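Asks: Right, I'll just put the structure down here and ask away after.
The values are calculated or read from the model by the stated rules, or taken from the named source; none is laboratory data. No experiment lies behind these values; they were computed from the predicted model shown. Cβ placement follows ideal geometry from the backbone for every residue including glycine, while neighbour counts extend to all protein chains displayed. Keep in mind that these areas ignore ligands, DNA and RNA; they rest on the heavy atoms of the full protein, side chains included. Shrake-Rupley method; radii C 1.70, N 1.55, O 1.52, S 1.80 Å.
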Amino acid sequence: MNAVAQRLADQDAPYTILEICPGIFRIPIPLPRNPLRELNAYLVRGRERSLLIDTGFRLPECRQAMAQSLRAIGAEGDPLDIFLTHIHTDHMGLASELVRPGGTIYVGQLDFPFTSQTWEDNYWRVIDRRFLAEGFPKEELAVTTATNPARTLGADLDLPNYRAVKDGEVISVGDYTLEVVATPGHTPGQLCLWLASEGILFTADHVLFDITPNITMWPNLPNALGHYLESLEKIRAYPVKLALPGHRHTGDLNGRIEALMAHHRARVAETLSIVRRAPGSTAYQIASQMHWDLRVKSWQDFPLNQKWFATGEALAHLEYLTERGQVRREQNPRGVAVYLPA
């Protein structure tokens, strides 16, 4: 047993690092007070530089777990680059702390604007105005503004380390060559990584096996759901032997792609049914009538952050239906958007 294997065998942490193949490790990072429970970060070790795929929130618990894991692997002194599969804070929160001197933080082209504090601040102003225009109550929005982890647990921005990458670029780490696969939908710049030599696809949050990735509206990605479905078709063409997701467990990739497509077909049909049943409803009202896998009695009992995510997902499906000419968006006399059958 080599030194790394011995250290991993001796782990006494409540989470377990797994060496997937030589020099590639799964590092589970706890996500406190979050229904996702933990993040799957991955480390690809190289002789000159190593690559860390995703990081966890900017929280002490995530910071401690990452430090302990890198130490257990023996990589605490590795020159380290960071690959952000997408810009959500559970994936990028520690990036600015973990990147080593001279290192690079790779991020998808359409997520790259989020690495500017000025751009991000303006983004949140645009999002807040959109949600208010879609019927989200002002007093509820004020609460989510202060407590939404998307706003509070991210990395430092405006660093010189960030570099935008695009579809088809390759990153070499030691003996491994990883190809960037752009899969917009979950975020505008969501990326997968394809390791052809091993048949491994790092799917991040593009494909999750135990939960359904959240698809919401994005000002810089019109019809996000349409892009997401196209991205699912795109990765179906890869001869994947092992899919490594951003959360929880792996599984049969093609079977999961089919299940996700079926889920969104059903969700689109449900959204259209609500619009036909209650024409003139706002996106917030439509979200309140949709089925959600939360153990609450009613929409009134929803945690406010979950209401925010649910309304965003309803908007993504309404945009998709509008793009297909099945729904039209109008404004009521109060200037709030409402949806009607086309």
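Asks: Considering only residues that are crowded, with 22+ Cβ neighbours inside 10 Å and among the aromatic types (Phe, Trp, Tyr), look in the range 13-68 and name the one that is nearest to His88 (Cα to Cα).
Replies: Filtering first and then ranking leaves Phe57.
Asks: Could you tell me which of the residues Gly46, Gly56 is in contact (Cβ under 8 Å) with a residue 60 or more places away in the chain and of a type outside the set (Ser, Thr, Tyr)? Can you show your working first?
Replies: Values: Gly56 fails: in contact (Cβ under 8 Å) with a residue 60 or more places away in the chain.
Selected residue: Gly46, the only one of Gly46, Gly56 that is in contact (Cβ under 8 Å) with a residue 60 or more places away in the chain and of a type outside the set (Ser, Thr, Tyr).
Asks: Yes or no: the range 78-94 includes at least one residue that is acidic (Asp, Glu) and open to solvent by 30 Å² or more (accessible area, probe 1.4 Å).
Replies: No, the conditions are met nowhere in the range 78-94.
Asks: Turning to a different aspect of this structure: Identify all residues within the range 61-95 that are in contact (Cβ under 8 Å) with a residue 60 or more places away in the chain and more than 29 Å from Pro113 (Cβ to Cβ); write none if there are none.
Replies: Ala72, Ile73, Gly74
Asks: Could you please find all residues in the range 314-342 being touching a Lys or Arg at 6+ places or on another chain (Cβ under 8 Å) and open to solvent by 10 Å² or more (accessible area, probe 1.4 Å)?
Replies: Thr322, Val338, Leu340, Pro341, Ala342
Asks: Now for a separate question. Among the residues of the range 164-177, are any surrounded by fewer than 20 Cβ atoms within 10 Å (Cβ to Cβ), within 16 Å of Met217 (Cα to Cα) and either in contact with a Leu (Cβ under 8 Å, 6 or more places away or on another chain) or at pLDDT 95 or above (or both)?
Replies: No, the conditions are met nowhere in the range 164-177.
Asks: Going by the conditions given, is Thr118 among the hydroxyl-bearing types (Ser, Thr, Tyr), touching a helix residue (DSSP H, G or I) at 6+ places or on another chain (Cβ under 9 Å) and closer than 30 Å to Ala283 by Cβ?
Replies: Numbers: among the hydroxyl-bearing types (Ser, Thr, Tyr): yes; touching a helix residue (DSSP H, G or I) at 6+ places or on another chain (Cβ under 9 Å): no; closer than 30 Å to Ala283 by Cβ: yes.
No; evaluated as a whole, the condition is false for this residue.
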